[in-house]
1. Looking at (1) closer than 28 Å to W141 by Cα; (2) outside any loop (DSSP other than H, G, I, E, B); (3) not small (G, A, S), can you tell me which one F46 breaks?
2. Give the residues of the stretch 148-194 that are β-branched (V, I, T) and under 22 Å from K126 (Cα atoms), sorted by residue number.
3. If you check every pair at least six apart or on different chains, which have Cβ atoms under 6 Å apart with a residue in the stretch 75-94 that is in contact (Cβ under 8 Å) with a residue 40 or more places away in the chain and closer than 23 Å to V108 by Cα first and a residue that is basic (K, R) and outside any helix (DSSP H, G or I) second?
4. Just to be sure I understand the filter: pairs with C-beta atoms under 7 Å, separated by 6 or more residues or on different chains, first member in the stretch 21-48 and closer than 22 Å to A97 by Cα, second member of a type outside the set (A, V, I, L, M, F, W, C) and surrounded by fewer than 17 Cβ atoms within 10 Å (Cβ to Cβ). Which pairs pass?
5. Considering only residues that are in contact with a strand residue (DSSP E or B) (Cβ under 6 Å, 6 or more places away or on another chain) and within 30 Å of E143 (Cα to Cα), look in the stretch 76-110 and name the one that is surrounded by the most Cβ atoms within 10 Å (Cβ to Cβ).
6. Is it the case that some residue within the stretch 98-119 is on the phi > 0 side of the Ramachandran plot and either out of contact with any helix residue (DSSP H, G or I) (no Cβ under 6 Å at 6 or more places or on another chain) or touching a residue at least 60 places away in the same chain (Cβ under 8 Å) (or both)?
7. Being over 21 Å from W14 (Cβ atoms), among the aliphatic types (A, V, I, L, M) and surrounded by 16 or more Cβ atoms within 10 Å (Cβ to Cβ) is the filter here; which residues of the stretch 111-131 pass it?
8. Would you point out the residue of the stretch 135-155, among those that are small (G, A, S) and under 22 Å from E68 (Cβ atoms), that is surrounded by the fewest Cβ atoms within 10 Å (Cβ to Cβ)?
Amino acid sequence: MKQMVLIRHGESQWNLENRFTGWVDIPLSPKGEQEAREAGEKLRAFHFDVAFTSLLVRAQETLRIVLEVLGQTDIPIEKDQALNERMYGELQGLNKADTIKQYGEHQVKLWRRSYDVNPPGGESLKDTAARVLPYYKQRIWPEVQAGRRVLVAAHGNSLRAMVMHLDALSQEEVLELNIPTGAPLVYEFDDKGMVTRHEYL
């Protein structure tokens, strides 16, 4: 059995303030730190061989806390911009509720959830997938395929791109996909690389 665990970072300070964060390097909120500790507790039965994360501190801190809870801080960790959150362009730093008032709920949902609609000056999920999936296939999947137990701590949209690929979701289905903060998502694969299990702990 081959295994990989995905985890979206715990709540960040701008998640708490309901702002678009994107590539702005915002730390975890106290709740986010607690979510990371709780994720570590849920993963007590797991031993990881390697971990991957983004260049953003909220994902790195989540990974650090999880590994500290598990007593597994000595495993190799690879950090790469390919796993960064979507770059939200001109929306970064704006309050989401205020943005809905300005542009309308339908437009903001398209910017946040659709596959190929870009926010002003930012990336669509399609753009995000164009950097996430090659990295996944070249760096992460070979580790899983080799039988190593892999932990990926990243972001809502970089993980949505991976889940869309792993679960073969359509562009319509991904519109409704939301990855919760701090909730470990376990994938298991057969020897042919087919997903045999995927569930949140």
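The values are calculated or read from the model by the stated rules, or taken from the named source; none is laboratory data. Bear in mind that the values here come from a model prediction, so they are computed numbers and not experimental data. When we count neighbours, we look across all protein chains shown, and the Cβ atoms used for this are built from the backbone with ideal geometry, even at glycine.
1. (2)
2. Selection gives V152, V163, V174, I179, T181.
3. Partner pairs satisfying both residue conditions: G93/R19.
4. Pairs that qualify, where the first residue is closer than 22 Å to A97 by Cα and the partner is of a type outside the set (A, V, I, L, M, F, W, C) and surrounded by fewer than 17 Cβ atoms within 10 Å (Cβ to Cβ), are V24/G93; I26/Q13; P27/Q13; S29/Q13.
5. L83
6. yes
7. Hit for the stretch 111-131 is A129, nothing else.
8. Restricting to residues being small (G, A, S) and under 22 Å from E68 (Cβ atoms), the top hit is A154.
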